[in-house]
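Q: Provided herewith is a single structure, encoded as structure tokens, for subsequent inquiry.
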Amino acid sequence: MGKQIYLKKIETLFEKSPVVDFKSLERIIGKAKTSNYAKLLVYNLLKKGKIKKIGKGIYTMYNEISLAVFSFKPAYLGLQSALSYHGIWEQETIPVIITTKKVRRGVRSLMGGNVLLRNINQKYFFGSEYIEEGNFYFPYSDLEKTFIDMVVFNQKIDEEVLKKIKKKINKPKLLNYLKKYPLKIRERVMKIY
């Protein structure tokens, strides 16, 4: 198979999927070629600006920084990002990615912008759903989980934001989620609530 045929198949894959990993590209090229060939194709696509790197071995052709959430799976967009989605936070914010992966926490530069990474224990990884936003579906924490995460990560919640959260939150769902946390965290959340 010639280089142009591989290139066409790879471009088609990027058109079908907003995020593509390196292993998928290697599968297209097949065992007949080495991974060096796949690396060369990726390098050339990056150099030409046809794709962008959003994580280790993860690429996209779209200029949407929130897609980085898919390079830290399992992960969801949370904290201020989720508050913005839920219409509670009106300030501009960078994507905040909550992941169970062991990654370096803090701000990362990707695609000409920044994302903030936070770690969470696997047992507290729940309360997220895929939400359509533009042309993509992103995993966002629901409001109840976002509120708990705000407390767990010691995020400042001003009075206006707290009023909006209390107005929209589903209290039985919040209480159900809190059952999964230690007493100390439950008390901190309910003290603020």
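The values are calculated or read from the model by the stated rules, or taken from the named source; none is laboratory data. Every value quoted in this text rests on a predicted model; they were computed, and no experiment measured them. Please note: Cβ atoms are built from the backbone with ideal geometry, for glycine as well, and neighbour counts cover all protein chains shown.
Q: Enumerate the strands (runs of 3 or more DSSP E) found wholly within the range 1-104, keeping only those where 2 or more residues are under 20 Å from the mean Cα position of the chain (by Cα) and of a type outside the set (A, V, I, L, M, F, W, C). Before the answer, list the steps.
A: On the way: elements: 52-55, 58-60, 75-77, 96-99.
Filter on the range 1-104 gives 52-55, 58-60.
Q: Checking Tyr130 against (1) in contact with an Asp or Glu (Cβ under 9 Å, 6 or more places away or on another chain); (2) within 24 Å of Val19 (Cα to Cα); (3) of a type in the set (Phe, Trp, Tyr): exactly one of these is not met. Which one?
A: (1)
Q: Okay, moving on. With the requirement that a residue be farther than 18 Å from His86 by Cα and in contact (Cβ under 8 Å) with a residue 12 or more places away in the chain, what does the range 142-188 give you? Full working, then the answer.
A: We begin by selecting, within the range 142-188, every residue farther than 18 Å from His86 by Cα; these are 152-154, 172, 175-188.
Scanning the range 142-188 gives Val152, Phe153, Tyr177, Leu178, Lys180, Tyr181, Ile185, Arg188.
Q: Still on this structure, please answer the following. Where in the range 123-193 are there helices (runs of 4 or more DSSP H), lying wholly inside it, with at least 1 residues that are loosely packed, with under 12 Cβ neighbours inside 10 Å and among the basic types (Lys, Arg)?
A: Result: 159-168, 171-178, 183-192.
Q: Kindly evaluate Gly57 against the criterion of being under 21 Å from Ile148 (Cα atoms), touching a strand residue (DSSP E or B) at 6+ places or on another chain (Cβ under 6 Å) and surrounded by 14 or more Cβ atoms within 10 Å (Cβ to Cβ). Don't jump to the end; show me each part of the working.
A: Details: under 21 Å from Ile148 (Cα atoms): no; touching a strand residue (DSSP E or B) at 6+ places or on another chain (Cβ under 6 Å): yes; surrounded by 14 or more Cβ atoms within 10 Å (Cβ to Cβ): yes.
No; evaluated as a whole, the condition is false for this residue.
Q: Now for a separate question. Pick out the one residue from Val151, Val115 that is among the β-branched types (Val, Ile, Thr) and farther than 30 Å from Thr60 by Cα.
A: Every option except Val151 fails the conditions.
Q: Go through the range 43-71 residue by residue and tally those that are basic (Lys, Arg) and modelled with pLDDT under 90.
A: Residues of the range 43-71 that are basic (Lys, Arg), as a first pass: 47-48, 50, 52-53, 56.
This time we only want the ones that are modelled with pLDDT under 90, so: 56.
Result for the range 43-71: 1.
Q: For the range 43-60, which residues satisfy the criterion of being of a type in the set (Lys, Arg) and free of Cβ contacts under 8 Å to residues at least 12 places away in the same chain? Let's see the steps before the verdict.
A: Taking the range 43-60 and keeping what is of a type in the set (Lys, Arg), we get 47-48, 50, 52-53, 56.
If the condition is that a residue be of a type in the set (Lys, Arg) and free of Cβ contacts under 8 Å to residues at least 12 places away in the same chain, then Lys47, Lys48 are the ones that fit.
Q: Of the conditions (1) of a type in the set (A, V, I, L, M); (2) in contact (Cβ under 8 Å) with a residue 24 or more places away in the chain; (3) surrounded by fewer than 23 Cβ atoms within 10 Å (Cβ to Cβ), Leu77 satisfies every one except a single condition; which number is it?
A: (3)
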